[in-house]
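Everything on this sheet refers to the single structure shown next.
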Amino acid sequence: MSAALTFWRSFAVNRGAVLGLAVMLGLVVLAVLADIAAPYSPIEQFRDSLLTPPVWQEGGTWHYPLGTDDVGRDILSRLIFGARLSLMIGLTVVTLALCLGTALGLTAAFAGGIVDVVIMRTMDVVLVFPSLLLAIVVVAILGPGLFNAMMAVAIVFLPGYTRLVRASALSELARDYVTATRSAGAGTLRLMFNTVLPNCAAPLIVQASLGFSGAILDAAALGFLGLGAQPPTPEWGTMLAGALQYYQRAWWVLTFPGLAILITVLAFNLLGDGLRDALDPKLKR
Amino acid sequence: MTVVMEARDIRRHYAVGGGLFRPKGVVKSVDGVSFTLRVGQTLAVVGESGCGKSTLARVATMLEPPTSGALLIEGAPATPAAGRQVQMVFQNPYGSLNPRKTVGSILMEPLAINRRGDGPAREAAARAMMAKVGLRPEQFARYPHMFSGGQRQRIAIARALMLGPKVVVADEPVSALDVSIQAQVLNLLMDLQDEFQLAYLFISHDLGVVRHIARDVMVMYLGRPVEFGPKEQVFAWPRHPYTRMLLAATPSVDPRHRKQSITVRGELPSPLNPPAGCAFASRCPHADNRCRNERPEPRDFGGVKVACHYAETIG
């Protein structure tokens, strides 16, 4: 039995994880095929049908199944195109923060002494600032724009991963199997990535899957302040933020981007849980 | 009999403390230990917690350099490459195996690290070693958590032997196991010693186990050897009062073997602030002013080295 098949079997035991994976796959397909799947362009404005309600509500029409926003753009089309950006934001931010944080945390744990102090105190400095404020500062330095916003959010997320990796690496380093591998002659890199890191994976996977949602929301907050995705770019967080003023008379403008974020985040968390369990040999039969 | 490992006056000191207003202290975990290990022989190091046994093990496996003194392996100064000749078996079989790796990959890892053989050769070597330590072939792809403590210790022993070491340092290898399993693992260790001509540095606080497996016994107290010699002599005629105390504290089933009990009073002195004279003086029933002020050096009594001023009169 191949390793991939073994992995799939232990993954498929968890129904929620499979559901999460299915939703994620659906979103990815939608994002890739947005040009075909979406009925309209995400930035096309239908000036004669502003704030049209969704189809099942009075006044709704099948032309705009989920209604239109305040400048007459089709919400469904914007959501589908937004999936591209939001998924990319989540993945980029989490990947950046995870890779950098893992490298920094492992370095701090293995090197100890002054290196450890320098890395961890720098992380503490980052942690001291309120996350949004820090992100604003970073964007102010780098200049507004979606990519810089992602960088800023990644920097804000970095201390969490670094501290997590360092803490679990330290507790694993004290265990005898690391000593045994070391006395067999293993180098530092092998000890880091082959011996210690896999045993730190469980909390990291959970943190990463939760961080995905945080990344989308933080990027959205930056967008709301005009520092992230610039209008008319269809990004879920920006859509949500831009529709705040209509929440009393046009609930759909606010609700659907929110639901999209919720469903994506939920799917990703379920997926992360399943991954963590499938990667843990202790939970296998 | 060729000497595979020789320790010459090994010392290992640690700097501790050193707060803002506190001076730094030095803990002399191991303070002047010498021994020679020969092919196929077992040297047991015994002593209570904190006497420096485990530090000695870490120095002997070159996980830590000695503060002073020399460690020779087959006559040459110990280097990291020579360190492969010394492998270790740990006390806790639940922490000494990587929970994310299968038994097979745990056993093949030392070979992979040292680039010995190719994939199939490594697997064959691992499977052969599994058979030698009494594991079944179908257990090759299982994870450590599926095994009992005794089986895990077998895996740990197999891993230690994968590189073909000359010396195995066993740090309390059976003290975490059920008594019924201890004998099995000890017998396995002795069988493997015969087969591979291994030298064991066997660290223990269990004198029953030591009596079973050792050839020589070193009794340590606060980082120093107090009595060191062949097992038969040390057990039959202990000269140092600490050794007598340890032996008297060993439970025995046979009433004829029960020695008169010697009550152990007091605690191990702080290694941060060791007494000027004999370290054992504070607990010794025979101690006098000379013991408290003058440190006894080891003296030879027919092959047994004893560090006590009154070894003649007590023994």
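The values are calculated or read from the model by the stated rules, or taken from the named source; none is laboratory data. Treat the numbers as computed from the prediction; the structure is a model and nothing was measured. Note that we place each Cβ from the backbone using ideal geometry, even for glycine, and neighbour counts take in every protein chain shown. The accessibility values were calculated without ligands, DNA or RNA, using every heavy atom of the protein model including side chains. Shrake-Rupley method; radii C 1.70, N 1.55, O 1.52, S 1.80 Å.
When restricted to residues that are of a type outside the set (A, V, I, L, M) and outside any helix (DSSP H, G or I), the stretch A:1-56 contains 16.
Quick grid of which residues meet (1) at pLDDT 85 or above; (2) not in a loop (DSSP other than H, G, I, E, B):
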position	(1), (2)
B:Val219	yes, yes
B:Val234	yes, yes
B:Arg239	yes, no
B:Tyr242	yes, yes
B:Val253	no, no
B:Ala276	no, no
B:Ser282	no, yes
B:Ala287	no, no
B:Pro296	yes, no
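Here is the figure for the stretch B:75-113: residues that are open to solvent by less than 40 Å² (accessible area, probe 1.4 Å) and assigned to a loop (DSSP other than H, G, I, E, B) total 10. The test for being touching a residue at least 60 places away in the same chain (Cβ under 8 Å) and open to solvent by 20 Å² or more (accessible area, probe 1.4 Å) holds for A:Gly226. Checked against the criterion of being within 26 Å of B:Leu111 (Cβ to Cβ), within 12 Å of another protein chain (Cβ to nearest Cβ), of a type in the set (Ser, Thr, Tyr) and touching a Phe, Trp or Tyr at 6+ places or on another chain (Cβ under 9 Å), the stretch B:79-95 contains not a single residue that satisfies it. When the residues of the stretch B:193-208 are narrowed to those that are open to solvent by 10 Å² or more (accessible area, probe 1.4 Å) and among the hydrophobic types (A, V, I, L, M, F, W, C), which ends up modelled with the lowest pLDDT? Out of the qualifying residues, it is B:Leu207.
Does at least one position in the stretch A:46-61 carry a residue that is open to solvent by 70 Å² or more (accessible area, probe 1.4 Å) and in contact with a strand residue (DSSP E or B) (Cβ under 7 Å, 6 or more places away or on another chain)? Yes, that holds for at least one residue.
Restricting A:Leu275, A:Leu244 to residues that are over 12 Å from the mean Cα position of the chain (by Cα) and free of Cβ contacts under 8 Å to residues at least 40 places away in the same chain narrows the list to A:Leu244.
Within the stretch B:96-116, which residues are in contact with an Asp or Glu (Cβ under 9 Å, 6 or more places away or on another chain) and within 8 Å of chain A (Cβ to nearest Cβ)? Selection gives B:Ser96, B:Leu97, B:Asn98, B:Pro99, B:Arg100.
Just give me the residues in the stretch A:128-139 being more than 10 Å from A:Val153 (Cβ to Cβ) and touching a residue at least 60 places away in the same chain (Cβ under 8 Å), in sequence order. Matches in the stretch A:128-139: A:Ile136 only. Residues in the stretch B:131-144: is at least one under 22 Å from the mean Cα position of the chain (by Cα), surrounded by fewer than 18 Cβ atoms within 10 Å (Cβ to Cβ) and not basic (Lys, Arg)? No, the stretch B:131-144 has no match at all. I need a count of the residues in the stretch A:239-270 that are of a type in the set (Ser, Thr, Tyr), assigned to a helix (DSSP H, G or I) and open to solvent by 20 Å² or more (accessible area, probe 1.4 Å). Counting residues in the stretch A:239-270 that are of a type in the set (Ser, Thr, Tyr), assigned to a helix (DSSP H, G or I) and open to solvent by 20 Å² or more (accessible area, probe 1.4 Å) gives 2. Considered as a group, the residues in the stretch A:164-181 that are closer than 18 Å to B:Ala112 by Cα and at the interface with chain B (Cβ under 7 Å from one of its Cβ atoms) include one that is surrounded by the most Cβ atoms within 10 Å (Cβ to Cβ), and that residue is A:Ala180.
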